[in-house]
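See below for the structure under consideration.
The values are calculated or read from the model by the stated rules, or taken from the named source; none is laboratory data. Since the model is a prediction, treat every value here as computed from it, not as a measurement. When we count neighbours, we look across all protein chains shown, and the Cβ atoms used for this are built from the backbone with ideal geometry, even at glycine.
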């Protein structure tokens with residue numbers, strides 16, 4: 001895969017780890033998330049911190065050697081586009097039958113190893129999250145997959161995307177549509193700085209779980 005250079009860090013990376021920007025017809029900078037817009041582009045590391053730094057340092061105009069209109073809240077604009085893409089992909093996954101809703105169904109999907117990822121709404125209770133987290137830990141302990149969990153959207157956002165009400169917990173299952181939705185979720189999570197409840201955390205917790213069992 002061809003590598004590109006971030007205009008902030010000056011480090012090379014694969015396109016999936018960067019966001020491309022181009023100059024629009026009105027001389028404004030435009031995020032090219034699908035990397036298919038015409039014209040000369042520049043690349044920035046795919047997280048909010050580096051987008052904000054690019055704006056602060058006037059890096060877009062310097063990189064493209066042109067007078068460019070850069071929105072002050074470009075970082076927020078990109079966040080909105082990534083969120084919209086992730087919610088749209090979740091909606092398609094739901095229509096394809098690879099999303100389940102509700103704590104009971106999510107826990108079942110986790111324990112069976114069918115879940116690719118878990119989603120908790122911002123409003124999810126600690127108790128509801130704890131029960132599903134226990135299922136994720138148990139699955140890893142039994143040599144099943146380490147299933148990541150994300151908290152990216154509100155109950156309302158999830159409900160609108162997934163065609164339900166009171167959507168607090170959801171799981172994305174295997175399948176092309178499920179993997180496409182997960183890819184969008186990972187990109188949004190990375191852009192926002194990541195969550196502490198990632199694969200490494202679950203693996204570490206599983207190790208602690210094993211050690212505790214050995215001492216009993």
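Kindly provide the set of residues from segment 115-137 that are touching a residue at least 60 places away in the same chain (Cβ under 8 Å) and either touching a helix residue (DSSP H, G or I) at 6+ places or on another chain (Cβ under 6 Å) or surrounded by fewer than 18 Cβ atoms within 10 Å (Cβ to Cβ) (or both), ordered by number. Working first, answer last.
So the first thing to find is which residues in segment 115-137 are touching a residue at least 60 places away in the same chain (Cβ under 8 Å), and the list is 116-117, 119, 133, 136-137.
Result: 116, 117, 136, 137.
Would you say residue 193 is modelled with pLDDT of 55 or more and either exposed (fewer than 13 other Cβ atoms within 10 Å of the Cβ) or not assigned by TED's automatic domain parsing to the domain that holds residue 106 (or both)? Yes; evaluated as a whole, the condition is true for this residue. Determine, yes or no, whether residue 147 is part of a helix (DSSP H, G or I), touching a helix residue (DSSP H, G or I) at 6+ places or on another chain (Cβ under 6 Å) and surrounded by 20 or more Cβ atoms within 10 Å (Cβ to Cβ). Judged against the criteria, residue 147 is not a match. Just one residue in the set 140, 172, 167 is in a strand (DSSP E or B) and buried (at least 16 other Cβ atoms within 10 Å of the Cβ); that residue is 172. Given the conditions (1) part of a helix (DSSP H, G or I); (2) touching a residue at least 40 places away in the same chain (Cβ under 8 Å); (3) surrounded by 15 or more Cβ atoms within 10 Å (Cβ to Cβ), which single one is not true for residue 88? In the conditions (1) part of a helix (DSSP H, G or I); (2) touching a residue at least 40 places away in the same chain (Cβ under 8 Å); (3) surrounded by 15 or more Cβ atoms within 10 Å (Cβ to Cβ), residue 88 misses (3) alone. Among all residues of segment 155-162, there is none that is in a loop (DSSP other than H, G, I, E, B), in contact (Cβ under 8 Å) with a residue 40 or more places away in the chain and assigned by TED's automatic domain parsing to the domain that holds residue 94. Restricting attention to segment 31-57, the residues that are at pLDDT below 95 and within 15 Å of residue 7 (Cβ to Cβ) total 2.
Of all the listed residues (92, 53, 101), the sole one being under 30 Å from residue 164 (Cβ atoms) and either outside the structural domain of residue 164 (by TED's automatic domain parsing) or touching a strand residue (DSSP E or B) at 6+ places or on another chain (Cβ under 6 Å) (or both) is 101.
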